[in-house]
Amino acid sequence: MGESVILPYPPDWVLTTLGEVAASGGGNIQTGPFGSQLHASDYVEHGIPSVMPQNIGDNRITEKGIARITAEDAERLSRYLLQPGDIVYSRRGDVERRALIRPNQAGWLCGTGCLRVRLGEGPVMPEFAAYYLAHPDVRAYIVQHAVGATMPNLNTSILSSVPFLVPPRGEQEQICEILGALDDKIELNRRMNETLERQARAIFKDWFVDFGPTRAKMEGREPYLAPELWNLFPATLDDDGKPMGWELSEIGKEVEAVGGATPSTKEPAFWEGGEHHWATPKDLSKLTSPVLLDTDRKITDAGVKKISSGLLPAGTVLLSSRAPIGYLAIAEVPTAVNQGFIAMVCEKRLPNLFVLFWCYENLDYIKGISGGSTFAEISKKAFRPVPVVVPSEQVLTAYENLVRPLYDHIVANMKETASLAQTRDLLLPKLMSGEIRLREAEKAVEAVA
């Protein structure tokens, strides 16, 4: 079974392997179905969710954009269905990321490109196992032992051999309770932000896509907005089908749309000791709300000078322009970007919240005009002429006054979530090594949760 990757560890904890833990409980570690068992044409709009690597978040499954299969295919592939307590890994790429399956995800499919760890009824709580596997040293072990020259690959043998420390059951329960309190608050913030974002998008769609107030006036329906808002909307549509007096423009005329670059990664002067944020689409892929507070990599002043768009101001709307098209966020910190973005500096008529939700509503159109030989990509040249209906200044101001507080609440929740996650990630290795006592950890949690 080799040596523990966590040192030192409490003397009453038992060293074994993940494979032995699973086998002792009657569980196993297995791959998801191969591509030959599930083709692209088998996926449907409505059906059983199929967990793919891109759905594996921070110990949770993210449902946004999740693929689905029919009930018939789920039955055909029943040996790959998930149960509460299973842990799902990606077989390629970010192989150390994992997600614990919750009760509401029972019966979902462990999709192609994933591995499933099932612990069964053994001595280890699945919740504890998920936290243990998040220990930085365990994650490093998995990455180090992954195979593949160009991209790390994981298999059942590698996962089975991961050294695993088993504490007494009571300690497992206490550790899970402490770390779970932080995760529960993080999840509460995530769900609250989903609701706030949904409200903001619904208002945008009604006012600026469906032209709801104007159509209601034309049809003689009762006002459904406060009088001071209702009176701001035109009573008729013009010959172009937009509210009378609103202007048809191009997005490139309403924002400054710029791209980014990657200075040579072989030049330490561009990266070492960097203090400026430098965003890639991967930074946005991990967001649960469209707010960018931090980036994985930082860049130096010398590095920023190599990027023609330089350091973009806080408030810039970021749209990933390839691999894939469609990640969106507002940068809440000044940031430089790589070549995978169209960055929109909103210092003209349209506020950044209008531009953010306009992008959401027009993503299908934007993807439809993309090009690229090896992967879809939207160029700034193709993006700038995309039409946008510009409302009156009074309606834009009313929209800003209504939606900005919702967005500010989302940002506040994201900042709190970042603080909670930082506390959890600091406590986790200390708890796993016995460096701090449980009571000390409880006090740390009480201070932030």
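The values are calculated or read from the model by the stated rules, or taken from the named source; none is laboratory data. In this text the structure is predicted, and so the values were computed from the model without any measurement. Quick reminder, even Gly has a Cβ in these numbers, built from the backbone with ideal geometry, and neighbours come from all protein chains shown. We work out accessible area using only protein heavy atoms, side chains counted, and drop any ligands, DNA or RNA first. Shrake-Rupley method; radii C 1.70, N 1.55, O 1.52, S 1.80 Å.
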Go through the stretch 289-337 and count every residue that is open to solvent by 10 Å² or more (accessible area, probe 1.4 Å), of a type in the set (S, T, N, Q) and touching a Phe, Trp or Tyr at 6+ places or on another chain (Cβ under 7 Å). 1
When you look at residue 95, is it modelled with pLDDT of 90 or more and open to solvent by 40 Å² or more (accessible area, probe 1.4 Å), yes or no? no
Considering every residue within the stretch 367-376, establish whether at least one is touching a strand residue (DSSP E or B) at 6+ places or on another chain (Cβ under 9 Å) and crowded, with 20+ Cβ neighbours inside 10 Å. no
Collect the residues in the stretch 36-68 that are outside any loop (DSSP other than H, G, I, E, B) and within 22 Å of the chain's Cα centre (by Cα), keeping them in residue-number order. 48, 49, 50, 51, 53, 54, 55, 56, 59, 61, 67, 68
Which members of the stretch 133-186 meet the condition of being surrounded by 17 or more Cβ atoms within 10 Å (Cβ to Cβ), among the hydrophobic types (A, V, I, L, M, F, W, C) and assigned to a loop (DSSP other than H, G, I, E, B)? 133, 134, 146, 154, 162
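Quickly run through the stretch 74-90 and pick out the residues that are of a type in the set (D, E, K, R) and either surrounded by fewer than 20 Cβ atoms within 10 Å (Cβ to Cβ) or assigned to a strand (DSSP E or B) (or both). Give the derivation first.
At the first step, the residues of the stretch 74-90 found to be of a type in the set (D, E, K, R) are 75-76, 79, 86.
Matches in the stretch 74-90: 75, 76, 79.
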Go through 129, 106 for me and flag whichever is at pLDDT 95 or above and either open to solvent by 30 Å² or more (accessible area, probe 1.4 Å) or among the β-branched types (Val, Ile, Thr) (or both). 106
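Specify the residue that is nearest to residue 211 (Cα to Cα); the eligible residues are those in the stretch 265-298 that are polar (S, T, N, Q) and touching a residue at least 40 places away in the same chain (Cβ under 8 Å).
Initial filter on the stretch 265-298 (polar (S, T, N, Q)): 265, 280, 285, 288-289, 295.
Within this subset, residues satisfying the condition of being touching a residue at least 40 places away in the same chain (Cβ under 8 Å) are 280, 285, 288-289, 295.
Values: 280: 35, 285: 31, 288: 29, 289: 26, 295: 37 Å.
Among residues in the stretch 265-298 that are polar (S, T, N, Q) and touching a residue at least 40 places away in the same chain (Cβ under 8 Å), the one nearest to residue 211 (Cα to Cα) is 289.
What tally of residues in the stretch 64-79 results from selecting those that are under 24 Å from residue 285 (Cβ atoms) and in contact with a helix residue (DSSP H, G or I) (Cβ under 7 Å, 6 or more places away or on another chain)? Steps first, answer last, please.
Going residue by residue through the stretch 64-79, those that are under 24 Å from residue 285 (Cβ atoms) are 64-69.
From what is left, the residues that are in contact with a helix residue (DSSP H, G or I) (Cβ under 7 Å, 6 or more places away or on another chain) are 66, 69.
Number satisfying all stated conditions: 2.
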So residue 17 clears everything in (1) in contact (Cβ under 8 Å) with a residue 40 or more places away in the chain; (2) out of contact with any helix residue (DSSP H, G or I) (no Cβ under 7 Å at 6 or more places or on another chain); (3) not charged (D, E, K, R) except one condition, right? Which one? (2)
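Select, from 220, 273, 212, 259, the only residue that is closer than 19 Å to residue 319 by Cα and either open to solvent by less than 60 Å² (accessible area, probe 1.4 Å) or not charged (D, E, K, R) (or both). Steps first, answer last, please.
Values: 220 fails: closer than 19 Å to residue 319 by Cα; 273 fails: closer than 19 Å to residue 319 by Cα; 212 fails: closer than 19 Å to residue 319 by Cα.
Only one candidate qualifies: 259.
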Hydrophobic (A, V, I, L, M, F, W, C), part of a helix (DSSP H, G or I), on the phi < 0 side of the Ramachandran plot and under 20 Å from the mean Cα position of the chain (by Cα): which single residue out of 403, 395, 411 fits that description? 411
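Would you be able to say whether some residue in the stretch 195-211 is part of a loop (DSSP other than H, G, I, E, B) and either over 30 Å from residue 36 (Cα atoms) or out of contact with any Phe, Trp or Tyr (no Cβ under 8 Å at 6 or more places or on another chain) (or both)? Break it down into steps so the answer makes sense when it comes.
Start the filter on the stretch 195-211 by keeping residues that are part of a loop (DSSP other than H, G, I, E, B), which leaves 210-211.
Next, from what is left, pick out any that are either over 30 Å from residue 36 (Cα atoms) or out of contact with any Phe, Trp or Tyr (no Cβ under 8 Å at 6 or more places or on another chain) (or both): 210-211.
Among the residues of the stretch 195-211, at least one is part of a loop (DSSP other than H, G, I, E, B) and either over 30 Å from residue 36 (Cα atoms) or out of contact with any Phe, Trp or Tyr (no Cβ under 8 Å at 6 or more places or on another chain) (or both), which makes the answer yes.
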How many residues are aliphatic (A, V, I, L, M) and touching a residue at least 60 places away in the same chain (Cβ under 8 Å) when one looks only at the stretch 27-75? 5
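Considering only the stretch 377-409, state which residues are open to solvent by 40 Å² or more (accessible area, probe 1.4 Å) and of a type in the set (Ser, Thr, Tyr).
Looking only at the stretch 377-409, we keep the residues that are open to solvent by 40 Å² or more (accessible area, probe 1.4 Å), and these are 377, 379-381, 384-385, 387, 393-394, 397, 400-402, 404-405, 408-409.
Once the filter is applied, which keeps residues that are open to solvent by 40 Å² or more (accessible area, probe 1.4 Å) and of a type in the set (Ser, Thr, Tyr), the stretch 377-409 yields 379, 397.
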